[in-house]
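The values are calculated or read from the model by the stated rules, or taken from the named source; none is laboratory data. Just so we're clear, the structure is a prediction, and the values are computed from it rather than from any experiment. All Cβ positions, even for glycine, are placed from backbone atoms using ideal geometry, and neighbour counts span all protein chains on display.
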């Protein structure tokens, strides 16, 4: 078999998806079996454990997950007693989500497994490489809103071109 990782036209995206799938899929499958919660529910609990009193729409906006999946997850988590909703006192139309003590307990049980899996994933890198990788991931994450709002079209759009120091010989490099 040819080296798909380095020969496919979308090398970076393919590798990112490959790594993400091997990190997330086995871990989430284990959490589903152990705690009886589905993947979107796991995401909601992870998010609410970090920041309470947000709306389902804010989780959708942040995560990029489908609104129907997050809405269903909120309903199911509420039925299981892992979160509760309360009306925002400043805007009666908004329903704020709050993680319950049971939701915190379940989250506290599965998060160490995800952290350990992340540590194993990053164990191929030394400390300096991990720091560099974190800087690059942060840069890509901050840039995400700049490209995700673009409408999909069938013709490839080239990134803007800027002159590099080697422009003397007429070469250009994509803007970074």
Does region 102-109 include one or more residues that are more than 23 Å from residue 26 (Cα to Cα) and at pLDDT 95 or above? yes
Restricting the search to region 52-66, which residues are out of contact with any strand residue (DSSP E or B) (no Cβ under 7 Å at 6 or more places or on another chain) and within 15 Å of residue 94 (Cβ to Cβ)? 57, 58, 59, 60, 61
Check on residue 67, more than 21 Å from the chain's Cα centre (by Cα) and either surrounded by fewer than 20 Cβ atoms within 10 Å (Cβ to Cβ) or closer than 27 Å to residue 145 by Cα (or both): no
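Here's a check for you: in region 70-91, which residue that is touching a strand residue (DSSP E or B) at 6+ places or on another chain (Cβ under 8 Å), outside any strand (DSSP E or B) and without any contact (Cβ under 8 Å) to a residue 40 or more places away in the chain is surrounded by the most Cβ atoms within 10 Å (Cβ to Cβ)? Quick ask: steps written out before the conclusion?
Within region 70-91, the first condition is being touching a strand residue (DSSP E or B) at 6+ places or on another chain (Cβ under 8 Å), and the residues that meet it are 74, 77-78, 82-88.
Imposing the further condition that a residue be outside any strand (DSSP E or B) reduces the set to 74, 77-78, 82.
With without any contact (Cβ under 8 Å) to a residue 40 or more places away in the chain added as a condition, the list becomes 74, 78.
On the way: 74: 22, 78: 15.
Top of the filtered list is 74.
Among the listed residues 14, 47, which satisfies the condition of being farther than 17 Å from residue 111 by Cβ, without any contact (Cβ under 8 Å) to a residue 60 or more places away in the chain and touching a helix residue (DSSP H, G or I) at 6+ places or on another chain (Cβ under 8 Å)? Can you show your working first?
Values: 47 fails: farther than 17 Å from residue 111 by Cβ.
Criteria check complete, one pass: 14.
Residue-wise test of (1) in contact with a helix residue (DSSP H, G or I) (Cβ under 6 Å, 6 or more places away or on another chain); (2) modelled with pLDDT under 90.
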position	(1), (2)
94	no, no
114	yes, no
121	yes, no
129	no, no
136	no, no
144	no, yes
150	no, yes
Filter region 50-64 down to residues that are touching a residue at least 12 places away in the same chain (Cβ under 8 Å) and assigned to a helix (DSSP H, G or I) and give me whichever is surrounded by the most Cβ atoms within 10 Å (Cβ to Cβ). 59
